[in-house]
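Remarks on the structure that follows.
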Amino acid sequence: MSAQFEVDSDLMRNIEDTTKSLDSNVSLKDAKSAAAEAKELATLFAQVEDFYARKGDATDAVGFSRKTHDLAEQVIKAVDAGDYDTASTTVIALARSCKSCHEVYKK
């Protein structure tokens, strides 16, 4: 994890755009693109989790990040298995996890 990693509006926009694209690619059953985007999100949420863990006093953010990371990993497994129904349901849960965190932390 980079010491330079910051959670900022650019990162959040990137995550939001990637999540929307992931949803689209799962719907299109584009395994290669969906898997790549889910892996990118898993990496980003691991970094977000680490950021908030190091920051301290953000237990909810650590929990939301961990949950969303786990959901991204589940999407990868579902796409790899060709189970696009599960992948789609999991992408929806991932987006909801993001929204839940924003309700607590977004200014």
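The values are calculated or read from the model by the stated rules, or taken from the named source; none is laboratory data. What you are looking at is a predicted structure, and each value in this text was computed from that prediction instead of being measured. Cβ sites come from the backbone with ideal geometry, for glycine too, and all protein chains shown count toward neighbours. Side chains are part of the model used for accessible areas, which takes the heavy atoms of the whole protein and leaves out ligands, DNA and RNA. Shrake-Rupley method; radii C 1.70, N 1.55, O 1.52, S 1.80 Å.
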Residues of region 12-34 satisfying the condition of being within 19 Å of Ser65 (Cα to Cα) and open to solvent by less than 20 Å² (accessible area, probe 1.4 Å): Ile15, Thr18, Thr19, Leu22
Subset of region 7-50 that is of a type in the set (Gly, Ala, Ser) and modelled with pLDDT under 95 - its residue that is farthest from Tyr105 (Cα to Cα): Ala46
Of all residues in region 73-98 being touching a residue at least 24 places away in the same chain (Cβ under 8 Å) and polar (S, T, N, Q), the one that is farthest from Ser21 (Cα to Cα): Ser97
Kindly check whether there is at least one residue in region 69-89 that is open to solvent by 40 Å² or more (accessible area, probe 1.4 Å), out of contact with any helix residue (DSSP H, G or I) (no Cβ under 9 Å at 6 or more places or on another chain) and assigned to a helix (DSSP H, G or I). no
Given (1) of a type outside the set (A, V, I, L, M); (2) over 19 Å from Ala87 (Cα atoms); (3) outside any helix (DSSP H, G or I), Glu49 misses just (3)
Conditions first: (1) part of a helix (DSSP H, G or I); (2) of a type in the set (Asp, Glu); (3) over 22 Å from Asn25 (Cβ atoms). Asp57 passes all but one, so which condition is the exception? (1)
